[in-house]
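Here the structure is laid out as structure tokens; the discussion comes afterwards.
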Amino acid sequence: MEHRHGIAVSPGVAIGPALVLDTEGVLIPHRDVPAEQIDAEIARLHRALDETATAARGDRERMTAKLGPALGNIYAAQQSMIEDRMIRSQIEARIRAESYSAEYAVSRVIRDFVRRLEDAAQRLPDHNAAEARRRATEFIDLERQLLAALLGHPSNPFDNLKEPVIVLANDLMPSDTADFNPRTVRAFATESGGPTSHTAILAGALEIPAVVGIGRFRSDVSGGDIVIVDGEEGVLIIDPDEATLAKYEAKRAEQIARPDRNESLRDKLAVTHDNVRIRLLGNIELEQEAAHCLERGAEGVGLYRTEFLYLNKTAHPTEEEHYAAYTSVLRTLGPTRPVVIRTLDLGADKFSSVSGAVADEKNPFLGLRSVRLCLNNLDLFKTQLRAILRAAVHGDVRVMFPMISTVDELRRCKTLLNDVKDGLEDAGIPYKRDVPVGTMIEVPSAALLADVLAREVDFFSIGTNDLIQYTLAADRNNEHVADLYNPADPAVLRLIRLVVQAGQREQAKRPFEVNVCGEMSGEPLYVPLLVGLGLRHLSATPRKIPELKRVIRDLKVAEAERLAEHALSLESARQVSSYLRANSAV
Ligand code: PEP
Ligand code: MG
């Protein structure tokens, strides 16, 4: 039995036989062809290229219909690679000049591209290296498909599945995931990939348990071996013993029962045992996740991470692309449910590879990212603000600025928003003028200045993911400092309390909301603490909403307040965590 740890990207437990995807397992039958067969070989190559291009077009249309244009666009890159004249002519030249078979020429040309990309990845800074590696895996996928077309193999290993499997791969390609059906693919685990990789995003959208970024494991497992994927703990277990199997069977059964237990809560209000109303909202990245919010009983969207419009883009989205995505979310949510559209939070770990969008910096988390980047590129910022204000006529839109660290920064954003409104007014373009404005509180300086910032806006949303990393100086993506990165740290709790108190003082004068939209608010363990600290709005990934409702409905505010007060008197994250666990019914 082997335990391998990776990054948990989509929750759930799955147990089943492994299907190991090995892109290098194809046997090329012969390397050379006789001179008189060269024309026939080239004709064979062209047929294979055309067939693969048609399949990629089909994949793109199917995925667009299934999951929307942002995910469908993943296939556009693949399609354009197949149709690329330079690749075609290089393969053809190898067949002509060196009498290579079509298969061998394909493999040689594509592997050259892969090698160059992998070499480049060694020299490039992290975020560009990740992009180069992603391109390299797309090329390997193309090779696999072309070889399958040439050799007449079924190009889709999922076509002939007789029983559900767990897919294990180095990295998964869009063409693999296109046909994933949760009934036949129970889960997947990959050696590469990070939490914002396409694979991770697709896993979330398809709701298939997944763990990525495990590091090399494929040489330790064969197709048909029993494996376990735990998408909550981020673990892959190869060849489990009886006791481990029994433990995870029980966990799986409990998880399967859980949604049913919570299903009945969907249409109920999130109200505590002693009748205090809590608003539960959903966090979304892709427009089609708006429907997940409603399916899970969220009251609106508390955080729309619009930087995901950069998924698979090499250029900035246009105003119309922004507008189309926002109106689609608003159509799903209807005219009265709130939708908090956060302006672009690009840079550091998010989509920093879009050409020229983000500078190459030594310390990107402390650099020109997020709202700083937008204020440094006013065209980019105004394009998005115009689209938000135009879309706002269709629903209850609220605009929110990320990573605000000073009051001047916030004021500049508001001034720009007003300029954009004036521009739309002058041009006679329909838009909404009185859109509520909020700021994320995710930098300690903003938390400390919350009383000043509160005077400037209509709401706060506490981004604990970043607030924790900036408070404790511990990278949220670095496993080596993961023990420091802890939502239960008393320093974090004190900052949250400061923000809530500033919000409450403002609330005494006018309507004002304080929300928490970091992952902390989706953790049942922290919900009593957050309610006890005075929070009445929580925004979490839609899948978590039913369970949060259950926790809230069992909660008494007076008890939660006592719990929070005691937690605040403790000295360390370890003490707070054990106190919360000891006092939790979760
Ligand atoms: C946060 O930092 O808590 C947050 C919600 O924003 P993101 O995770 O997108 O950085
Ligand atoms: Mg953040």
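What follows draws every value from the coordinates through simple rules; no lab data is involved. This one's a predicted model, so the numbers in the text were calculated from it and none came from an experiment. Glycine also receives a Cβ, built like all others from the backbone with ideal geometry; neighbour counts cover every protein chain displayed.
Some notes on this structure:
- Calculated P(r) of the range 266-582 - Cα pairs past 26 Å, %: 45
- For the chain, the share of DSSP beta bridges that are antiparallel, to the nearest 5, is 35%.
- Taking the centroid of alpha carbons for each part, the range 261-302 and the range 27-87 are 43 Å apart.
- Folded to 0 to 90 degrees: helix 38-67 orientation relative to the chain principal axis, Cα: 20
- Amide H contacts under 5 Å for T541, placed H, 5+ residues apart: N283
- Highest average packing first - 424-432, 89-97, 512-520, 446-454, Cβ atoms within 10 Å: 512-520, 446-454, 89-97, 424-432
- Within the same chain, aspartates and glutamates fewer than 8 places from K556 are excluded, and of the rest, those with a Cα less than 20 Å from its Cα are D274, E523, E547, E565.
- Separation of alpha-carbon centers, the range 333-392 and the range 475-495, rounded to whole Å: 25
- To the nearest ten degrees, helix 242-263 and the longest principal axis of the Cα atoms of the chain are 60 degrees apart.
- Note that the range 69-84 has calculated 3J(HN,Hα) couplings of x, 4, 7, x, 5, 4, 7, 5, 4, 5, 4, 6, 5, 5, 7, 4 Hz, one per residue in order, obtained from phi through the Karplus relation 6.51 cos²θ - 1.76 cosθ + 1.60 (θ = phi - 60°); glycine and proline are x.
- Under-5 Å amide H pairs with R337, H placed in peptide plane, nonlocal only: D396
- Among 366-379, 391-404, sorting by the average number of other beta carbon atoms lying within 10 angstrom of each residue, highest first, gives 391-404, 366-379.
- Mean sequence separation of contacting Cα pairs (under 8 Å, at least six apart), scaled by the length of the chain, corresponds to a relative contact order of 14 percent.
- Mean separation of Cα contacts under 8 Å, 6 or more apart, over the residue count of the range 364-480: relative contact order %: 24
- Dividing the radius of gyration of the alpha carbons in the chain by their Kirkwood radius gives 1.00 for Rg/Rh.
- Entries of K251/K544; K66/K251; K251/K549; K350/K382 with Cα pairs more than 23 Å apart: K66/K251
- From phi via Karplus (6.51, -1.76, 1.60), per-residue ³J(HN,Hα) for the range 357-364 in Hz, x at Gly/Pro: 6, 10, 6, 7, 10, 5, 9, x
- The range 343-418, relative contact order in percent, only Cα pairs under 8 angstrom and at least six apart counted: 34
- For the chain, the longest principal axis of the C-alpha atoms and the axis of helix 573-582 are separated by about 80°.
- Mean ellipticity per residue at 222 nm, deg cm²/dmol - from DSSP H runs of n ≥ 4 across the chain, formula -39500 (n - 2.57): -15000 deg cm²/dmol
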